[in-house]
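Read through the structure below, which is laid out as structure tokens, and then see the notes.
The values are calculated or read from the model by the stated rules, or taken from the named source; none is laboratory data. Because the structure is a prediction, the values reported are computed rather than measured. Because the Cβ atoms are built from the backbone with ideal geometry, glycine has one as well, and the counts that use them run over all protein chains shown. Calculation scope for accessible area: heavy atoms of the full protein, side chains included, ligands and nucleic acids excluded. Shrake-Rupley method; radii C 1.70, N 1.55, O 1.52, S 1.80 Å.
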Amino acid sequence: MKKILDLISAEVTKAFTECGYDEKYGKVTLSNRPDLCEYQCNGAMAAAKEYKKAPFLIADEVAAKLSGSAMFSLAESVKPGFLNLKLDNAYLAGYLQEMKNDPKRFGCETDKNPRLIMLDYGGPNVAKPLHVGHLRSAVIGESIKRLGRFLGHNMIGDVHLGDWGLQMGLIITELRERKPNLPYFDEHYEGSYPEEAPFTITELEEIYPTASAKSKEQASYKEAAMQATYELQQGRRGYQALLAHILNVSVTDLKRNYENLNVSFDLWKGESDAQPFIPDMVQKMKDDGYAYISEGALVVDVKEETDTKEIPPCMILKSDGASLYNTTDLATFVWRMKDYHPDEIIYIVDKRQELYFTQVFRCAKKTGIVGAGTELKFLGFGTMNGKDGKPFKTREGGVMRLESLLSEINEEMYKKISDNHTMDEAEARKTAKIVGLSAVKYGDLSNQASKDYIFDIDRFTSFEGNTGPYILYTIVRIKSILAKYKALGKTAEGAKILPAKSESEKGLMLELTGFAAAMEAAFADAAPHRVCAYIYGLANALNHFYHETKILTEEDETVQAGYICLLELTRGVLETCIDVLGFSAPERM
Ligand code: ARG
């Protein structure tokens, strides 16, 4: 289905050309004076220059042409030369009915040139619990993935686990101190290793911080951890087997956590998967003359003439030959290109890593690891702050685990929901979880990703204002009307959306027409906040209509069935949007 603005622009363009003016003047936009009109065209103002004619004369001619159009109830010229437009109510109803006849996509077409887009998001580190810092990447990345899929793109999400480097050596060292007799530490052991991991997730999450603290106090402990890391990276059998256990236990736990967030990944690759590609990659960078030794380290220059600030070289190997975070990200490109050849890779990572990604992207492009056909995009997000404006912490000042944050929200939601006494405990708990997730996700996604925001439980969980629970409340309101209508023994099957009879009804209808444009714009800018802004406007319009209109007591059955159709469409559009944002609505709340 064509987008409403395109249809209107085509109609106005036709009028311009019929009056002898160039088609480029027919572009229509949403009105910036909604008190006067719904849409406007400023083309006559620009055309005046080319045709050396007063703008209002041109606008008058075009308005006269449009007077016969069934699309508009108003097409008037106003001085000095604007065209003010209002849609005809029957035309609008017809457009919405067409949207409704397409019950999954509501007229939003898929992209004619579907692309293969990889998303690097999540980025958790194994053996460490997910904390609030991981929330944004997961929530934003998931939404962009869903948005892209809705528009027909092949979106592949990769969690890119942090499973390489010193943290692994630390865990191995600590385990060795605790359980030295395990076969993993016996260099002469040739048998197969146990299938069961020698630790649980709870132990693992305790082992890492313990080891990390020890390494800061004892130089010898750190030395041992570095040695273990080195041996692991050199392929020591027992350590490789331990790494597999660590991954297994950790990933099982991570999956459970992400599931609670309604976030899922197509690929569970990690930094360690990139390691096999490092030697050849480095060799080629040297052979091609890109990599050179600088102060002992192997580096590639990435500065460009147009830079306004200093972009340091990208470091490939440290002076001791060890690989770095950079090396891993570069080698990750190697398998992503080989296995998927994506049109684009988007990284959803804390914006403090922006300079780092500039270096890595430039290095990948310059050395030819990533060809011209693949776009690389860094989508940096801001920090989630507490009410004090500083990075969000627990009351004790520590890093808050994601699980704790979610249970705090759920508890708050549970209190609110059980206040209305109509639900039993089990349903209230279940509902609290659904609504709580909307509070967290919408609270995050409704902000432009690159900005910092304040995590404010009271505001996020409110049923009023620009919040997830408000959106869900609106959907539940519609569901409840639809259920009551059905309970009256009625059905709107076969009925149609009718021309609006009031301003509030028309307001709702106009909001609905903006669905496809909102989805496309949000995807083009990788900006889920635009979906939020769209549904906030739509929810407001729905509630305004609801307050102004007797729906269930309407006596004219045809009129009433028309309202029901309009509500069904609104519900469908809202539910599609929240699904793209990564949450869902309960039956009641
Ligand atoms: N694990 C990293 C961290 O916790 C984030 C990974 C981001 N993705 C990447 N390809 N480097 O900071």
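Computing the accessible area with a 1.4 Å probe over protein heavy atoms, can you report the carbon and sulfur percentage for the chain? C and S atoms contribute 51 percent here.
Since only Ala524, Ala197, Gly296 are under comparison, the one whose Cα sits farthest along the positive direction of the charge dipole of the chain, derived from C-beta charges on Lys, Arg, Asp and Glu, is Ala524. Rounded to the nearest 10 degrees, the inclination of helix 354-366 to the longest alpha-carbon principal axis of the chain is 80 degrees. Shape class of the stretch 99-247 from the Cα gyration tensor (axes a ≥ b ≥ c, square roots of the eigenvalues): prolate, since a/c reaches 1.5 or more and a/b is larger than b/c. What separates the Cα centres of the stretch 91-148 and the stretch 240-270 is a distance of 22 Å.
Computed log10 I(q)/I(0) for the stretch 1-65 at 0.13, 0.14, 0.28 Å⁻¹: -0.33, -0.38, -1.24, from the Debye equation with unit scatterers placed on every C-alpha and solvent omitted.
Which entries in the list Lys145/Lys433; Lys24/Lys501; Lys387/Lys416; Lys145/Lys387; Lys303/Lys441; Lys100/Lys484 go over 32 Å, if you measure between the two C-alpha atoms of each?
Distance filter (> 32 Å) returns Lys24/Lys501; Lys303/Lys441.
Cross-link pairs exceeding 23 Å in C-alpha to C-alpha distance, out of Lys318/Lys365; Lys14/Lys104; Lys351/Lys393; Lys179/Lys222, comprise Lys14/Lys104. Cysteines in the chain lacking any other cysteine Cβ under 4.7 Å from their own Cβ: Cys19, Cys37, Cys41, Cys108, Cys532, Cys565, Cys577.
Give me the angle, in degrees from 0 to 90, between the Cα long axis of helix 528-548 and the longest principal axis of the Cα atoms of the chain, rounded to the nearest 10. So the inclination is approximately 40 degrees. Using R0 = 25 Å, the C-beta based FRET efficiency linking Asp266 and Ser584 works out to 0.75.
Roughly what percent of Cα-Cα pairs across the stretch 489-558 reach past 19 Å? Pairs farther apart than 19 Å: 47 percent. Radius of gyration over Kirkwood radius for the chain, both on Cα atoms: the Rg/Rh ratio is 1.06. Couplings 3J(HN,Hα) for the stretch 106-113, derived from phi with the Karplus relation 6.51 cos²θ - 1.76 cosθ + 1.60 (θ = phi - 60°), are 6, x, 7, 7, 7, 5, 5, 10 Hz, where x marks Gly and Pro. For Leu161, the residues whose modelled amide H falls within less than 5 Å of its own, excluding neighbours fewer than 5 places apart on the same chain, are Lys269, Gly270, Glu271. Per-residue 3J(HN,Hα) values for the stretch 567-579, derived from phi via the Karplus relation 6.51 cos²θ - 1.76 cosθ + 1.60 with θ = phi - 60°, read 5, 4, 5, 4, 4, x, 5, 4, 5, 5, 5, 6, 5 Hz in sequence order (x marks Gly and Pro).
Is the shape of the stretch 28-73 rounded, prolate or oblate, going by the alpha carbon gyration tensor and its root eigenvalues a ≥ b ≥ c, with a/c under 1.5 for rounded and a/b larger than b/c for prolate?
Taking the square roots of the gyration eigenvalues as a ≥ b ≥ c, the stretch 28-73 is oblate.
A Stokes-Einstein calculation at 4 °C with viscosity 1.567 mPa s, built on the Kirkwood radius of the stretch 138-216 over Cα pairs, returns a diffusion coefficient of 81 µm²/s.
Determine, from the Cβ-Cβ distance of Asp301 and Arg33 and an R0 of 45 Å, the FRET efficiency 1/(1 + (r/R0)^6), rounded to the nearest 0.05. That pair, Asp301 with Arg33, gives E of 0.25. Each label point was placed 7 Å from the Cα along the Cα-to-Cβ direction; for Arg395 and Ser319 their separation is 5.0 nm.
Of the residues Gly107, Ala585, Ala449, the one whose Cα sits farthest towards the positive end of the charge dipole of the chain is Gly107 (charges of +1 on Lys and Arg Cβ, -1 on Asp and Glu Cβ, taken about the Cα centre). Among 203-213, 11-21, the peptide with the highest mean count of other Cβ atoms within 10 Å heads the list, and the full ranking is 11-21, 203-213. Per-residue 3J(HN,Hα) values for the stretch 184-196, derived from phi via the Karplus relation 6.51 cos²θ - 1.76 cosθ + 1.60 with θ = phi - 60°, read 4, 9, 8, 5, 8, 5, 10, x, 8, 8, x, 7, 7 Hz in sequence order (x marks Gly and Pro). Per-residue packing, averaged as other Cβ atoms within 10 Å, sorts the ranges 153-164, 97-108, 118-129, 71-82 into the order 118-129, 153-164, 71-82, 97-108, beginning with the highest.
Projecting label points 7 angstrom from Cα along Cα→Cβ for Asp102 and Arg237 puts them 6.1 nm apart. Rounded to the nearest 10 degrees, the angle from helix 89-100 to the longest Cα principal axis of the chain is 30 degrees. Based on C-alpha pairs under 8 angstrom that are at least 6 apart in sequence, the chain has a relative contact order of 14 percent. Ranked from largest, the principal axis spans of the Cα set of the stretch 1-136 equal 73, 37, 33 Å. Each Lys and Arg contributes +1 and each Asp and Glu -1, all at the Cβ; summed about the Cα centre of the stretch 465-589, the dipole is approximately 280 debye. Out of Ile481, Val440, Leu508, whose Cα points farthest toward the positive end of the dipole of the stretch 418-549 (charges: +1 Lys, Arg; -1 Asp, Glu; placed on Cβ)? So the residue we want is Ile481. At a probe radius of 1.4 angstrom, the accessible area of the chain per residue rounds to 46 square angstrom. Decide, for the stretch 366-449, between rounded, prolate and oblate: order the square roots of the alpha carbon gyration tensor eigenvalues as a ≥ b ≥ c, take rounded if a/c falls under 1.5, and otherwise choose prolate if a/b is larger than b/c, else oblate. Cα axes put the stretch 366-449 in the prolate bin. Partners of Lys390 within straight-line reach, counting aspartates and glutamates whose Cα lies under 20 Å from its Cα and excluding those fewer than 8 residues away in the same chain: Asp350, Glu408, Asp444, Asp452, Asp456, Asp458.
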